[in-house]
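Chemist: Dropping the structure in here first, questions after.
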């Protein structure tokens, strides 16, 4: 057994490396820089944690969020690894004590935010120590085109010069080709091993639904997932708080989380979500990178994210344990307009705005895709795949229809009303609704008034949204959201182009639901094993509270399921459980073996 495999087993309790991990470990041990792009939940941290324990000296880990640092440090310490963090939320005495451990050589991994690291005083002190490895976690933050650009990360481009002999690892789960080039150029001057694994998370079912009555849609979704942990993303802080209160009124265990909250309240809400089962957190994108809860069963987007990278990053919070999870997004015409406005209002150059509009175009294309959603998403990241069979399009394929005539009618109304009114007004004219606004403008006298009276307003709204998504109409984001006709739309009006649109999906058939269930294989446990698993979870929660760490840091669900299956009776048996290393064998074998014996449940014959 190699030294790296021995640490993998003895410290972390894993039998084998996952794809990409061993290549990253070997490159860093050989002194080479590494850019590692791996899906969320694929074990990126081990890529630098194992070399940190094999090299002589101190490993610096740059991490963007305190919560992320604290969780990783708690997990490392429970595995017997000396790790510390120095950050602004600690008491001064805590930071002083941590630095003494670092200076004495006791600490193997030191976690720092980029703001703390890139100060003259900290850099000068660290350059006096034997730094052997630097890891930049959530490295997409270094890219100004990334989904969570963080200016302080740009200063990290100095690290290569400050520590010229030290290998650097940059790790992220979400980076398109542009972002990867940006990281390579800024952090490594183009010289690094790139390990880019597939972006696919096949256990997450993808779905997009037209936004109509979003509160009703959200309630319906949560009722189908009652008792499960999940995240609801909203665009604004105000909407987060209102939505959390709305869900509490309807009997859900919901809490808000956004950057405008008091730090203590935010931390308390996060702790409740991390520690207790079945909770829902309603959040802005502030709730993201610091979340490492393995049993999040769903991510629900009440509003459109800003880009495919942001979407991928956010849905990546679901199903980190590998079990089935859902990513459900509501999407409407108003979302597109709002996102366009955000881009234009950003303090950025024209080139950046152009790129961000292109990214938004890609996300809109994903939402309007008539074929497999996973294929559309992965194609954006440069990965080809077959139809997945685990998205709403694959499970209930949409009916594509020729909408050229309807499209021409809509464009005609847009043109005749002066290309300055929004979708609601255009729909009223088409539907023949004599509103005060329609009457005042005299649009009831247009020949096209009532032309679409037989259509449902919801269908007309879907047609307009798809005309915008397909580039026949544009939103006037400089004005008040009025619709205008593009060159492509003018060609459609002249009969030189065709418009095909997706009809709203019909009610799912029993056969569709049957196929849906087949794609959600649960963990196969007997009734006795399920009972044992429940007892083990209760013990895990009690031990986690005693140690003031999230429950999954003690043991993941996968480890508890393995215990329930194996039914270990001795310490040697317990050592074979997934995720049990030397430290956890020492600290946790006795209470878990006792709990297993106390249940009185007999082990299976083959245990």
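Chemist: Quote to one decimal, in nm, the extra length available between residue 162 and residue 399 on full extension: 0.36 nm per residue of separation minus the C-alpha distance between them.
Modeler: Stretched out fully, the residue 162 to residue 399 stretch lengthens by 79.4 nm.
Chemist: With a ≥ b ≥ c taken as the square roots of the eigenvalues of the C-alpha gyration tensor of segment 271-411, please select rounded if a/c is under 1.5 and otherwise prolate if a/b is larger than b/c or oblate if it is not?
Modeler: oblate
Chemist: With labels modelled as points extended 7 Å from the Cα through the Cβ direction, what inter-label distance (nm, one decimal) is found for residue 54 paired with residue 352?
Modeler: Result: 3.9 nm between the two label points.
Chemist: Rounded, prolate or oblate, given the Cα gyration tensor of segment 332-479, with a/c below 1.5 counting as rounded?
Modeler: Oblate is the answer for segment 332-479, as a/c is 1.5 or above yet b/c matches or exceeds a/b.
Chemist: Two decimals is fine: what's Rg over Rh for the chain, C-alpha atoms, Kirkwood radius as Rh?
Modeler: 1.01
Chemist: Relative contact order, percent, of the chain when contacts are C-alpha pairs under 8 Å separated by at least 6 residues? Please list the in-between numbers first.
Modeler: Numbers: 1023 pairs, mean separation 83.2, N = 607.
Rounded, it is 14 percent for the chain.
Chemist: Compute the projected area of the convex hull of the Cα atoms of segment 400-502, averaged over all viewing directions, and report it in nm² to one decimal place.
Modeler: Result: a mean projected hull area of 6.0 nm².
Chemist: Also, quick follow-up: Take every DSSP beta bridge with both residues inside the chain and express the antiparallel ones as a percent of the total, to the nearest 5.
Modeler: DSSP beta bridges in the chain are roughly 10 percent antiparallel.
Chemist: Something else: Given Cα pairs under 8 Å that are at least 6 residues apart, what percent is the relative contact order of segment 365-465?
Modeler: Reported as a whole number, the value is 19 percent.
Chemist: Rounded to the nearest 0.05, what FRET efficiency do residue 92 and residue 488 have when you use their Cβ-Cβ distance and R0 = 56 Å?
Modeler: Result of the calculation: an efficiency of 0.35.
Chemist: Which order do 372, 240 fall in if you start with the one that has the fewest other Cβ atoms within 10 Å?
Modeler: 372, 240
Chemist: Something else about it: Under a plain spin-label model, where a point goes 7 Å from the Cα along Cα-to-Cβ, how far apart in nm are residue 106 and residue 196?
Modeler: It works out to 4.4 nm between the two label points.
Chemist: For the Cα atoms of the chain, what angle does the longest principal axis make with the long axis of helix 333-345, in degrees from 0 to 90, nearest 10?
Modeler: Here the helix axis deviates by roughly 70 degrees.
Chemist: Okay, next question. Return one number: the angle in degrees, 0 to 90 and rounded to the nearest 10, between the long axis of the Cα atoms of helix 457-469 and the longest principal axis of the Cα atoms of the chain.
Modeler: It is inclined by approximately 70 degrees.
Chemist: Okay, moving on. Please work out how much length the chain gains when fully extended from residue 177 to residue 16, using 0.36 nm per residue of separation minus the C-alpha to C-alpha distance, in nm with one decimal.
Modeler: 55.0 nm
Chemist: Between helix 214-224 and the chain, what is the angle of the helix's C-alpha long axis to the longest principal axis, kept within 0 to 90° and rounded to the nearest 10?
Modeler: Long axis of 214-224 versus the principal axis of the chain: about 40 degrees.
Chemist: Just want the ordering: 138, 26, 487, from fewest to most Cβ atoms lying within 10 Å of their own Cβ. All intermediate terms of the calculation are to be shown ahead of the outcome.
Modeler: On the way: 138 25, 26 15, 487 10.
The most exposed by this proxy come first: 487, 26, 138.
Chemist: Moving on. What FRET efficiency, computed as 1/(1 + (r/R0)^6) with R0 = 22 Å and r the Cβ-Cβ distance, is obtained for residue 572 and residue 545, rounded to the nearest 0.05? Before the final figure, lay out each step's value.
Modeler: On the way: r = 29 Å, r/R0 = 1.31.
The calculated FRET efficiency here is 0.15.
Chemist: Using R₀ = 22 Å, calculate the FRET efficiency as 1/(1 + (r/R₀)^6) where r is the Cβ-Cβ separation of residue 265 and residue 242; round to 0.05.
Modeler: Efficiency, from the Cβ-Cβ distance: 0.85.
Chemist: State, to one decimal in nm, how far the label point of residue 590 lies from the label point of residue 537, with both points 7 Å from Cα in the Cβ direction.
Modeler: Those two pseudo-labels are separated by 2.8 nm.
Chemist: What list do you get for 586, 373 if you sort them by fewest beta carbons within 10 Å?
Modeler: Result, fewest neighbours first: 586, 373.
Chemist: Something else: Once you have a ≥ b ≥ c as the square roots of the Cα gyration tensor eigenvalues for segment 3-196, tell me rounded if a/c is under 1.5, and otherwise prolate or oblate according to whether a/b is larger than b/c. Spell out each step's value before the answer.
Modeler: Values: a/c = 1.45, a/b = 1.07, b/c = 1.34.
The shape class here is rounded.
Since every read-out is calculated from the coordinates, none of them should be taken as a lab result. Please read these numbers as outputs of a predicted model, since none were measured by experiment. In this analysis, Cβ positions are derived from the backbone assuming ideal geometry, glycine residues included, and neighbour counts consider all displayed protein chains.
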